[in-house]
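To start, the structure itself, in structure tokens.
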Amino acid sequence: MDMISNLPDHIIVHIIFSLPTEEAVRTSILSLRWKYLWNDITSICLRGCENDPDKFANLVGHVLDNCSSSSFLSFEIYFPDKMRLPRLNALISNALSHKIEKLTLKINTWFSRLPAPPLPKCALVCSTLVALNLRTCFDILIPESIVCFPHLKSLELCVILPKQDSVLQQLLCSCPVLEKLSLSGYLDFCEVRKFDICVPTLRKMCLYLEYKGDNLSEYDIIIDTPNLEHLSITDIHCLDLR
Amino acid sequence: MASSSSSSLSRVVVKSSDNNLFVVNKKVASQSQLLKQCIDNMEEKGTNDVILIPLSNVTSNILTLVLEYCEKHADFADDDNNNQELKQWDHEFLKKFDYATLNSLTMAADYMVTKSLLNLCCQFIADSIKDLTVQQIRQIFDIKNDFTPQEEADIKNENAWAFR
């Protein structure tokens, strides 16, 4: 008989881990034995692009409520276009209460009207994060003194750079073990045009700078990173980098 | 690492559950953590004899396949894990097998602690059931549906999004 049988639970769980998250959840319908096996998944990737927001929120809620693991390694989530921000923040809060180490967020909407949404507060206080990847342009508005990422090693941000350069430095200062920084910044709205990047532990840095208008002439970036091994700077307008 | 004073084996003999013997060189055998552990233990003891490792759970058919995999991967042991040629080979290797063989190969990879082969088999099985119906998956995994009709309906209702 050409079939798969007699696999022990730990191998079945391994197979379930290899499925996309939605498919993994679906295995609960197979039999009583399979009903709860998916609950141990350690990596979640949910893409809600084509679903409607209600269904997607149900899905995320269900996955988070049923996962027994308290140490998600990774939570990657792509929000559908129409999801509104308060709801999004509520979902992220729920996700982060599960001691996530890796978080990737992408909202597939370009926030065309300013201001862009601020970085979700709940992400800023999630002390378990090791890697944070925000693929949507957030405004880098940081409430005073709440930020601390004691374990964060990799930070990938796509931001509208702030009016005051101190905000960026404040964020970087709160990551005492940061090793990798990838920053896509939009410069249109910054007034200072001078950025200090001072991170003693940093080993790899990629900067990608962009602006829409053509009234920007010069900016300064001061890089103080004694342990840097890899540096890449891209300015799409090819300004002289000094 | 074994200290310089201990012996160094160049090959081992592995015995399948149906009593066939396979001579395997050390680099190939080391792809299996189970075999590697046996070799390391013997080297620490300073044995110079060729050692025999019996695998009571693996038939010679399946052991041949595991060793074919280990041989290929030993050739690429010094490359990074992203070697495209090796990935292609992995895929072609598994594509040939029916579910029953995949089943045995997965169990053997788990038993012999050949982690990359176990990952590969599980990913391959996952990919092959991804778009199937619940009924088809039950058939492949020989699963008896032991839910009552009411329980099954409840699960479907509760997770309506999952069972479009």
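Is it the case that the stretch B:140-157 has a residue that's without any contact (Cβ under 8 Å) to a residue 12 or more places away in the chain, of a type outside the set (Asp, Glu) and over 23 Å from A:LEU32 (Cβ atoms)? Checked the stretch B:140-157: no residue is without any contact (Cβ under 8 Å) to a residue 12 or more places away in the chain, of a type outside the set (Asp, Glu) and over 23 Å from A:LEU32 (Cβ atoms). Restricting the search to the stretch A:59-81, which residues are in a loop (DSSP other than H, G, I, E, B), over 18 Å from the mean Cα position of the chain (by Cα) and surrounded by 14 or more Cβ atoms within 10 Å (Cβ to Cβ)? Once the filter is applied, which keeps residues that are in a loop (DSSP other than H, G, I, E, B), over 18 Å from the mean Cα position of the chain (by Cα) and surrounded by 14 or more Cβ atoms within 10 Å (Cβ to Cβ), the stretch A:59-81 yields A:CYS67, A:SER69. Each residue in the stretch A:1-16 was checked for being at the interface with chain B (Cβ under 7 Å from one of its Cβ atoms), among the hydrophobic types (A, V, I, L, M, F, W, C) and part of a helix (DSSP H, G or I), and 2 pass. Here A:CYS126, A:CYS122, A:CYS158 are screened, and the one residue that is under 13 Å from the mean Cα position of the chain (by Cα) and at pLDDT below 70 is A:CYS122. Looking only at the stretch A:17-33, count every residue that is more than 7 Å from every other protein chain (Cβ to nearest Cβ) and more than 24 Å from the chain's Cα centre (by Cα) and tell me the total. Number satisfying all stated conditions: 2. Within the stretch B:100-125, the residues that satisfy the criterion of being touching a helix residue (DSSP H, G or I) at 6+ places or on another chain (Cβ under 6 Å) and among the hydroxyl-bearing types (Ser, Thr, Tyr) are B:SER104, B:THR106. Count of the stretch A:34-58 residues, restricted to those that are surrounded by fewer than 18 Cβ atoms within 10 Å (Cβ to Cβ), more than 8 Å from chain B (Cβ to nearest Cβ) and either on the phi > 0 side of the Ramachandran plot or not in a loop (DSSP other than H, G, I, E, B) (or both), is 7. Among the residues of this structure, A:GLU191 does not count as one that is more than 14 Å from the chain's Cα centre (by Cα), over 21 Å from A:LEU85 (Cβ atoms), modelled with pLDDT of 70 or more and of a type in the set (D, E, K, R).
For the stretch B:55-164, which fully contained helices (runs of 4 or more DSSP H) count at least 1 residues that are more than 10 Å from every other protein chain (Cβ to nearest Cβ), under 15 Å from the mean Cα position of the chain (by Cα) and closer than 21 Å to A:ASN6 by Cβ? Show your work before the answer.
Values: elements: B:60-75, B:84-95, B:99-111, B:115-129, B:134-140, B:149-158.
Counting at least 1 such residues, we get B:60-75, B:84-95, B:99-111, B:115-129.
If we scan the stretch B:110-117, do we find a residue that is of a type in the set (Asp, Glu) and farther than 27 Å from B:ASN19 by Cβ?
Here is the first cut: in the stretch B:110-117, the residues of a type in the set (Asp, Glu) are B:110.
Narrowing the set further to residues that are farther than 27 Å from B:ASN19 by Cβ leaves none.
Scanning the stretch B:110-117, I find no residue that is of a type in the set (Asp, Glu) and farther than 27 Å from B:ASN19 by Cβ, so the answer is no.
The values are calculated or read from the model by the stated rules, or taken from the named source; none is laboratory data. No experiment lies behind these values; they were computed from the predicted model shown. Backbone-built Cβ (ideal geometry, glycine too); neighbour counts: all protein chains shown.
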